[in-house]
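J.: Handing you this structure, nothing more for now.
The values are calculated or read from the model by the stated rules, or taken from the named source; none is laboratory data. On a predicted model such as this, the values are computed, not experimentally measured, just so you know. Positions of Cβ are generated from backbone atoms using ideal geometry, with glycine treated the same way; all protein chains shown enter the neighbour counts. All accessible areas refer to the heavy atoms of the entire protein, side chains included, with ligands and DNA or RNA removed. Shrake-Rupley method; radii C 1.70, N 1.55, O 1.52, S 1.80 Å.
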Amino acid sequence: MQHFPIFLRLSGRRVVVSGAGRAATAKLRLLLKTDARIVVFGPGPDPDILSWHRDGALRHDARRIEGTDLEGAALLYCASDDPEEDARAAALARRCRIPVNIVDNLEDSDFITPAIVDRDPLFVAIGTEGTAPALARHLKAAIEAQLPGSLGALARIGQAFRPQAERLPPGRMRHAFWSEYFSRRGPCAFARNGEKGARDCLSALLDETAEGGRLAGRVSLVGAGPGDPELLTLKARNRLHEADIVVHDRLVSPQVLELARREAERICAGKKGFGPAWRQESINALMVREARTGRHVVRLKSGDPAVFGRLDEEVEALEAEGIPWEVVPGITAAAGAAADMGVSLTRRGRNSELRILTGNDVDGFAEQDWATLARPGPVAAIYMGKRAAAFLRGRLLMRGAAPSTPVTIVENASRPDKRVVATTLLRLPEALDEAHFPGPVVLMLGILPRDAMRKAELGVEVGQEAV
Ligand code: SAH
């Protein structure tokens, strides 16, 4: 992040604009929303600037800016449409250490102005580090369309109600109260009866929430998918927005965690391969303890919580303590990998079943029904199979599997750093060693990525190729 987004207090402060043409007018439309004292310097003013000057919204002076004009100013916008004049004005400001924005000159600017969605006092500021103004405009339009026009009024009315709402204990209950007001009841009440409707709704909702007593805590066991945050279900996103505490696996991607409510506590209860681990009992105890205090615990697991996620053990522990729970499914690594490969996991005439296997279980390398897997045709997604690769190959070859059986190694499925490598059963352990895969890997036995599949159909031998 090169530009840190902040909201700067401008009440009563001077903001200076150098230039009085079209570029200046565009900036002034935004600046006039603030209660800063705005001073504009420059000849040949735009008619809008003259009319704002007449109305007293700003002060315009038809000469070029001088150093003394900047004393005590909070910001300077250089918007003269003339690069030399802008550079001169910027140099004056730098001498007095005033932050400068030069219109259409990212390099020499100290700050940039975001695209703004205005629901005063609610503002959404959108920035792209100056790289893609068109994208910012597109997003602004999308957000404008989503935010009801009444939100600003609801926020103002809500703010006035804050002292009363302090009757509710801080944390989950107060959060639930505000979330219900902003997302459901407030907009409806405002639509029906305007400001009075919204105020009445707040009082009624406060009584209801307070009488409802302490809201019970609960645990949502949520699938985070293979890593791409867009692969979360809508329900998973909603749970992340509501969470008081997120207890997550090591494999949950930072981009997914980013979607959790800002105030939510985050605890990584990761188990790393054979490395140091949180004990399962400690995770269970943590969830029970937190839910008992009335918090909403989101137990966030990579992929689908029901696939190699010790879901049953956690649910049993919660049931034993009478803690309400739910499961929110997610996209498992095999599905993410198949999407990256661009192929189907089942196929008429090839395989009518899909196996999901683990390379390791509690006793070490996991034994499977090797005889069935060794026949031509089966497709299996092998999780946690990196270390077990030589063992898998040995068992399958011993049972008569063809050495040329296709295997695709998919690392970091769905993530920007994903790698898809086609190889054969015979070469699998070497392929894993040679290419070195530090990220999570799922081995797709029996299928090739689309490009490699096409080559194989043409009779080109599959070696080891990144796709
Ligand atoms: N519940 C998870 C699996 C957890 S077990 C799911 O449904 O996907 C952990 C194993 O999942 C890893 O060792 C790896 O084999 C696989 N895995 C998880 N995320 C992955 C990803 N993004 N790419 C490839 N494999 C992944």
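J.: Do any strands (runs of 3 or more DSSP E) entirely within region 1-118 hold 3 or more residues that are farther than 27 Å from E129 by Cβ and over 39 Å from the mean Cα position of the chain (by Cα), and if so, which? Steps first, answer last, please.
T.: On the way: elements: 14-18, 37-41, 59-61, 73-78, 100-102.
Per the criteria, 37-41, 59-61.
J.: Which condition from (1) under 20 Å from L354 (Cβ atoms); (2) within 33 Å of the chain's Cα centre (by Cα) is the one that G446 breaks?
T.: (2)
J.: Is it the case, given these coordinates, that R350 is more than 21 Å from R239 (Cβ to Cβ), of a type outside the set (A, V, I, L, M, F, W, C) and within 16 Å of the ligand (Cβ to nearest atom)? Walk me through how you get there before you give the answer.
T.: On the way: more than 21 Å from R239 (Cβ to Cβ): yes; of a type outside the set (A, V, I, L, M, F, W, C): yes; within 16 Å of the ligand (Cβ to nearest atom): no.
No: the conditions fail for R350.
J.: Then there is this: Can you find a residue in region 308-318 that is of a type in the set (G, A, S), part of a strand (DSSP E or B) and within 16 Å of the ligand (Cβ to nearest atom)?
T.: Looking only at region 308-318, we keep the residues that are of a type in the set (G, A, S), and these are 309, 317.
From the residues that got through so far, the ones that are part of a strand (DSSP E or B) too are none.
The answer is no, given that none of the residues of region 308-318 is of a type in the set (G, A, S), part of a strand (DSSP E or B) and within 16 Å of the ligand (Cβ to nearest atom).
J.: Pick out the one residue from R54, R64 that is more than 30 Å from V124 (Cβ to Cβ), open to solvent by 60 Å² or more (accessible area, probe 1.4 Å) and in contact with a Ser or Thr (Cβ under 8 Å, 6 or more places away or on another chain). Before you say what the answer is, go through the steps one by one.
T.: Numbers: R54 fails: in contact with a Ser or Thr (Cβ under 8 Å, 6 or more places away or on another chain).
Result of the check over R54, R64: R64.
J.: Among the numbered criteria (1) within 21 Å of the chain's Cα centre (by Cα); (2) more than 17 Å from L205 (Cβ to Cβ); (3) not aliphatic (A, V, I, L, M), which single criterion is violated by S183?
T.: Only one criterion in (1) within 21 Å of the chain's Cα centre (by Cα); (2) more than 17 Å from L205 (Cβ to Cβ); (3) not aliphatic (A, V, I, L, M) is unmet by S183, namely (2).
J.: Between residues in region 160-176 that are over 11 Å from L206 (Cβ atoms) and residues that are open to solvent by less than 80 Å² (accessible area, probe 1.4 Å) and of a type in the set (S, T, Y), which pairs lie under 9 Å by C-beta distance while being six or more apart or on different chains?
T.: G171/T293; R172/T293; A176/T209
J.: Scan region 67-86 residue by residue and report those that are closer than 17 Å to I98 by Cβ, open to solvent by 70 Å² or more (accessible area, probe 1.4 Å) and not charged (D, E, K, R).
T.: Answer for region 67-86, where residues must be closer than 17 Å to I98 by Cβ, open to solvent by 70 Å² or more (accessible area, probe 1.4 Å) and not charged (D, E, K, R): just T68.
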